[in-house]
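These notes are about the structure you will find just below.
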Amino acid sequence: MDVYRLLYPMRTYIVVAGRGDETNVMAADWVTVLSHEPTLIGVAISPKRFTWELVKRYREFVVSVPSVEMLDDVWVAGTKHGPGKLRETSFELVPSGSIETPSIGNALANLECRVVDERDYGDHTFFVGEVIGFSYSKKAFPSGKPHLGAGFLAHLSWMDFVTFSNKIYRPGKGR
């Protein structure tokens, strides 16, 4: 058993890196918030991935939040290699507001990051990015809060994904 799977299900994201014809996308579950002020997020990427090479070269990346409707594209981004896989997806690359790496226009949200640190841990590099720009769907985040019916995607295991129900639990309110 892969012990890290005990932490699943985990939200699934798309990491975008590169520019122009060498833009690449990669599915990633290992993304986390590190700081509120400044807003820092981290992503673990294997040096075996083309995305790793592009993040190292350009020192920026975008973390896009896909919806369940994008599942087939997420699967391509997570199982195929190299920039050619973009032609197999319906990701709509659009200019980002603060960096040269494009965002995914049909994603629920995009966080535009400049690399501020990186460390190698085992077989992955952990890239820390400062969020310097963002975009989001107002339908997915009304009043600045996620709408669970928007279809946020989480990875359960290998080919199994889930989304969230609209039931919200609060402490002390019973189940």
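The values are calculated or read from the model by the stated rules, or taken from the named source; none is laboratory data. Small disclaimer: the values here were computed from a predicted structure and weren't measured. With ideal geometry, Cβ positions are generated from the backbone for all residues, glycine too; neighbour counts draw on all protein chains shown.
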| Among (1) in a helix (DSSP H, G or I); (2) at pLDDT 95 or above; (3) over 16 Å from residue 106 (Cβ atoms), which single condition is residue 42 missing? | (1)
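Return yes or no: is residue 96 crowded, with 16+ Cβ neighbours inside 10 Å and either without any contact (Cβ under 8 Å) to a residue 40 or more places away in the chain or under 24 Å from residue 4 (Cα atoms) (or both)? Walk me through how you get there before you give the answer.
Values: crowded, with 16+ Cβ neighbours inside 10 Å: yes; either without any contact (Cβ under 8 Å) to a residue 40 or more places away in the chain or under 24 Å from residue 4 (Cα atoms) (or both): yes.
Yes; evaluated as a whole, the condition is true for this residue.
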| task | For residues that are over 16 Å from the mean Cα position of the chain (by Cα) and of a type in the set (Phe, Trp, Tyr), scanning just the stretch 130-161, find the one that is farthest from residue 7 (Cα to Cα). | result | 141
| query | Filter the stretch 1-46 for residues that are touching a Leu at 6+ places or on another chain (Cβ under 6 Å) and of a type in the set (Gly, Ala, Ser); which is surrounded by the most Cβ atoms within 10 Å (Cβ to Cβ)? | reply | 17
| query | Only one residue in 55, 68, 15, 76 is closer than 26 Å to residue 136 by Cβ, within 11 Å of the chain's Cα centre (by Cα) and not small (Gly, Ala, Ser), so which one is that? | reply | 15
